Amino acid sequence: MEKPEMLPETLAWSQNLTTASAAAVKTEGFCKMEKPEMLPETLDWSQNQTTAAAAVKEEFDYKELCEVKRYYPHGYHGVDRRGRPVYIERLGKLDVEGLMKVTTLERYVLYQTQQYEKTIKVRFPACSAAANKHINRSIAILDVQAVSFKSFTSPVQKVLLQLRKVFNDNYPETLSEMVIVNASPGFKLLWNVIKCFLDPHTVSKIQVIGSKYQSKLLELVDKNELPDFLGGSCCCRNEGGCLNSDRGPWKHTSVAYTGE
């Protein structure tokens, strides 16, 4: 089909959609295409990510995390009905200008790399032990309330592109499925363009729903495990809210799963 005028920016956004979930689909899911103008700088930067990731172990102290979550609410919260970790992002509340006042892009990416490592080395084994079965994938819920095409400014794209590169290079296929909720009519139109450039395998992992999403989420996650702002009954009052709690089996067990 002919490329619409907004395509270059849309393509850049579509490449980072799965990371905005901070969890994503495999690299092969993206169709081959010409790199957006902003990508060469991203690729130059990302060549150092293997070295950077090796340096991010437990000793990386992200002291500004509480402030960061004010401007980009996100976090792991509980497990789904199959025992998989649930990752949640409220993309509609992302404030890049505020975010960059309390952290740097480099430190934020290092923090996310640390979280990917923790999921593989701590969350998955703990969930496997709790469920008594092997678990090596998570699910993601992306809340896009108030998100429109105009939301994806150059600074937003830069942040998300960096995260996508790190994830797709190092942590492919750790996502089982993603549910995008609170999608406006404008967002759905944008999604119809984006998915034309994604592999069908990728598209099959992502479901886009408007404001009537509660029944779908409750199919996946028990009400007690789901935050109240998504239709659940959990609020984690004693821990500053659900997205600050890091609630899950990984907080309560040190037993590793030993099954096949």
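Structure data summary
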item: Enumeration of residues in the stretch 228-243 that are surrounded by fewer than 16 Cβ atoms within 10 Å (Cβ to Cβ) and in contact with a Lys or Arg (Cβ under 6 Å, 6 or more places away or on another chain); result: Ser233
item: Which numbered condition Gln162 misses (of (1) open to solvent by 30 Å² or more (accessible area, probe 1.4 Å); (2) at pLDDT below 85); result: (1)
item: The stretch 132-151, residues that are open to solvent by less than 40 Å² (accessible area, probe 1.4 Å) and of a type in the set (A, V, I, L, M); result: Ile135, Ile139, Ala140, Ile141, Leu142, Val144, Val147
item: Leu189 being at pLDDT 80 or above, part of a helix (DSSP H, G or I) and open to solvent by 10 Å² or more (accessible area, probe 1.4 Å); result: yes
item: Some residue of the stretch 218-227 being in a loop (DSSP other than H, G, I, E, B), farther than 20 Å from Arg84 by Cβ and in contact (Cβ under 8 Å) with a residue 60 or more places away in the chain; result: no
item: Every residue from the stretch 112-130 that is open to solvent by 40 Å² or more (accessible area, probe 1.4 Å) and of a type in the set (Gly, Ala, Ser); result: Ala130
item: Complete set of residues in the stretch 132-155 that are assigned to a helix (DSSP H, G or I) and modelled with pLDDT of 65 or more; result: Phe149, Lys150, Ser151, Ser154
item: Extreme residue, surrounded by the most Cβ atoms within 10 Å (Cβ to Cβ), among residues of the stretch 77-111 that are out of contact with any Gly (no Cβ under 7 Å at 6 or more places or on another chain), over 30 Å from Gly186 (Cβ atoms) and modelled with pLDDT of 95 or more; result: Arg84
item: Scope the stretch 58-76; condition loosely packed, with under 14 Cβ neighbours inside 10 Å and touching a residue at least 60 places away in the same chain (Cβ under 8 Å); matching residues; result: Cys66
item: Residue match in the stretch 193-202 (condition: modelled with pLDDT under 80 and part of a strand (DSSP E or B)); result: yes
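The values are calculated or read from the model by the stated rules, or taken from the named source; none is laboratory data. It should be emphasised that the depicted structure is a prediction, and the values quoted were computed from it without experimental measurement. Quick reminder, even Gly has a Cβ in these numbers, built from the backbone with ideal geometry, and neighbours come from all protein chains shown. All accessible areas refer to the heavy atoms of the entire protein, side chains included, with ligands and DNA or RNA removed. Shrake-Rupley method; radii C 1.70, N 1.55, O 1.52, S 1.80 Å.
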